[in-house]
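Single-structure report; data block below.
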């Protein structure tokens, strides 16, 4: 079975597109080969800035012959039907087979297709993949019609086995497939031929090209760490930048430089952001002071002077960039020390949303809501309101104008420069958090109050104007805001009813109160997604949502977690079956009799020890469950419920509910109602699946 090697060699592919392009090439080609009747053992895709590569192992040498049969009309069918069948198959009457089919004789069209050689199929599939490649952006060049992300220079396409290598005959817009490629653009630009993937990878390495992006990432990381360590610094890890830089170089050569003294007074976040965004530099910090004092740039070439000239040029550009950042910083500090009044005034003319007013209007709402929330999280109301009032002022700063990702971060620096309390400044930094599932959750009380107020104002505002997420569309990131509220509430154990918080938020928006129930339902859906990722089943959450107090998320999650743990035990799982059996019998009897059996179960009518034991067990469970639920000790309540498993099982084993004695039957049905009532005090077990 031959192996297949494909290389599509072009001008530089943008780093951000390379991972998706690798996946697309592998999918398009392997899916196409399989659909055409070939099989393969394994496939690996690779990329460098100038090439996409696919290596397929164990490809079948040819597709299997196929035989297609199609049943036609009976022999005595109308002539029109027979002629229509012949037209649809493209066959003559004499080409059809006649077979016995039950009580009639029927025409069959049989088409056999011989197997095709792999080279023929590969050529068809690869041409289709190239012509229909899903680049986010593509271009045409010269006089050809082909579109590619950047001009495509050559196609390498080889089938190889023990007998040797064979070029797959293929031409795409005048580009003929061959067996040659090129190495590094500057250090080994000459073309060379290859005979297999192993030969290809080895010769590329000798030509100063690391084919595997993971290998380039590892080389960059190790080299940068070693350089930083030798200089007495620590490398600041940055996974996103690492992946991007690995897509910019074919032969990574890390180089370390020092940041000029004149810029070391800039905040670490400013230095790191400026170097990452503008020059793709990694930052290196002093492990003692935490200051960013160095940088690592990754060259794409080895030089006789060990990169000295490259570093000199980079330092010149870096100095210019950091001079701009220092100018922004110094001007912003002057505004901050003057009280930030200019920024506050400027936000009056910045629209938050056409129907929700300006950023200044929004700040007023968030400040009022933060004051209301503060006592619930142990924060000082005045500090919470003050923090909310200044948290967004840095949006008018020059630094955030240049680097929007620093909003909040710069807000803390400017708040401290303005003489604000540290808790207020921290809240200005933290109020956007958590931004995503991996972002840290603020825990300082003032920060929690402002972060909650900010997100709740967003949600109640957009619900009030009926701008809700639909399907996959969520232009205002409302799902993320709801998840942020959930993580803030659960992460800090905030005991508060969302309905009350919604009412406070809607109070600032005309006509928004009626949307509260819908917004709570939206939160419950987000909570299900959040808890599902933590292993809590959706039906367990539904069972707890059916009880009062479902707008207290912290309480709800504690109840759901306790129920989930009980259901993992044998008693808990079996009790569900007993509960459902009791509920089914009771529901059927109530429907048949037209009455509700919910009162009057009396142990004096019990005829068996199992009945009397169940009465006693229910009395004990009720005595334990009610106070446990009232105090929030859900584990104890669930344990008391699970303890009913044995008496319930024994009851159903020994007792026939539908007795011939009507008094005994009614008493037993009312006893089943007690099972339902007792368990329903903990959760709606009817919603538990399985």
Check whether at least one residue in the range 200-211 is in a strand (DSSP E or B) and either surrounded by fewer than 17 Cβ atoms within 10 Å (Cβ to Cβ) or modelled with pLDDT under 95 (or both), and report yes or no.
-> no
Quick one: how many residues across the range 371-398 are buried (at least 21 other Cβ atoms within 10 Å of the Cβ) and outside any helix (DSSP H, G or I)?
-> 4
Using the structure shown, decide if residue 441 is part of a loop (DSSP other than H, G, I, E, B), at pLDDT 95 or above and in the same structural domain as residue 506 (by TED's automatic domain parsing).
-> yes
Determine whether residue 489 is farther than 19 Å from residue 365 by Cα, surrounded by 23 or more Cβ atoms within 10 Å (Cβ to Cβ) and assigned by TED's automatic domain parsing to the domain that holds residue 375.
-> yes
Just checking, which of 100, 173, 161, 95 is in contact with a strand residue (DSSP E or B) (Cβ under 9 Å, 6 or more places away or on another chain), modelled with pLDDT under 95 and surrounded by fewer than 12 Cβ atoms within 10 Å (Cβ to Cβ)?
-> 100
Residues 581, 592: which one is surrounded by fewer than 18 Cβ atoms within 10 Å (Cβ to Cβ), free of Cβ contacts under 8 Å to residues at least 60 places away in the same chain and on the phi < 0 side of the Ramachandran plot?
-> 592
Only residues that are more than 24 Å from residue 397 (Cβ to Cβ) and buried (at least 24 other Cβ atoms within 10 Å of the Cβ): list them for the range 428-458, please.
-> 448, 452, 456
Answer yes or no: is there a residue in the range 399-410 that is out of contact with any helix residue (DSSP H, G or I) (no Cβ under 7 Å at 6 or more places or on another chain), assigned to a loop (DSSP other than H, G, I, E, B), in the same structural domain as residue 478 (by TED's automatic domain parsing) and at pLDDT 95 or above.
-> no
Report whether or not residue 674 is free of Cβ contacts under 8 Å to residues at least 12 places away in the same chain, within 15 Å of residue 586 (Cβ to Cβ), in a helix (DSSP H, G or I) and in the same structural domain as residue 591 (by TED's automatic domain parsing).
-> no
Which number in (1) assigned to a strand (DSSP E or B); (2) in contact with a strand residue (DSSP E or B) (Cβ under 6 Å, 6 or more places away or on another chain); (3) outside the structural domain of residue 168 (by TED's automatic domain parsing) marks the one condition that residue 9 misses?
-> (3)
For the subset of the range 181-194 comprising residues that are outside any loop (DSSP other than H, G, I, E, B) and in contact (Cβ under 8 Å) with a residue 60 or more places away in the chain, which member is nearest to residue 120 (Cα to Cα)?
-> 181
Is it fair to say residue 136 is within 16 Å of residue 25 (Cβ to Cβ) and in contact with a helix residue (DSSP H, G or I) (Cβ under 7 Å, 6 or more places away or on another chain)?
-> yes
On the given criteria, is residue 109 in contact with a strand residue (DSSP E or B) (Cβ under 7 Å, 6 or more places away or on another chain), over 30 Å from residue 153 (Cα atoms), touching a residue at least 40 places away in the same chain (Cβ under 8 Å) and surrounded by 13 or more Cβ atoms within 10 Å (Cβ to Cβ)?
-> yes
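The rows are residues; the columns are (1) part of a helix (DSSP H, G or I); (2) modelled with pLDDT of 95 or more; (3) over 35 Å from the mean Cα position of the chain (by Cα).
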position: 217; (1), (2), (3): yes, yes, no
position: 232; (1), (2), (3): no, yes, yes
position: 243; (1), (2), (3): yes, yes, no
position: 270; (1), (2), (3): yes, yes, no
position: 296; (1), (2), (3): no, yes, no
position: 309; (1), (2), (3): yes, yes, yes
If residue 404 satisfies every condition in (1) closer than 23 Å to residue 271 by Cα; (2) crowded, with 24+ Cβ neighbours inside 10 Å but one, which is the exception?
-> (2)
Strands (runs of 3 or more DSSP E) fully within the range 73-180 counting 2 or more residues that are within 26 Å of residue 5 (Cα to Cα), assigned by TED's automatic domain parsing to the domain that holds residue 56 and under 53 Å from the mean Cα position of the chain (by Cα) = 152-161, 164-167, 175-178
Residues of the range 12-22 being crowded, with 16+ Cβ neighbours inside 10 Å and in a loop (DSSP other than H, G, I, E, B), which ones?
-> 13, 14
Residue check for residue 82: in contact with a strand residue (DSSP E or B) (Cβ under 8 Å, 6 or more places away or on another chain), in contact (Cβ under 8 Å) with a residue 12 or more places away in the chain, under 30 Å from residue 252 (Cβ atoms) and surrounded by 12 or more Cβ atoms within 10 Å (Cβ to Cβ) = no
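The values are calculated or read from the model by the stated rules, or taken from the named source; none is laboratory data. In this text the structure is predicted, and so the values were computed from the model without any measurement. With ideal geometry, Cβ positions are generated from the backbone for all residues, glycine too; neighbour counts draw on all protein chains shown.
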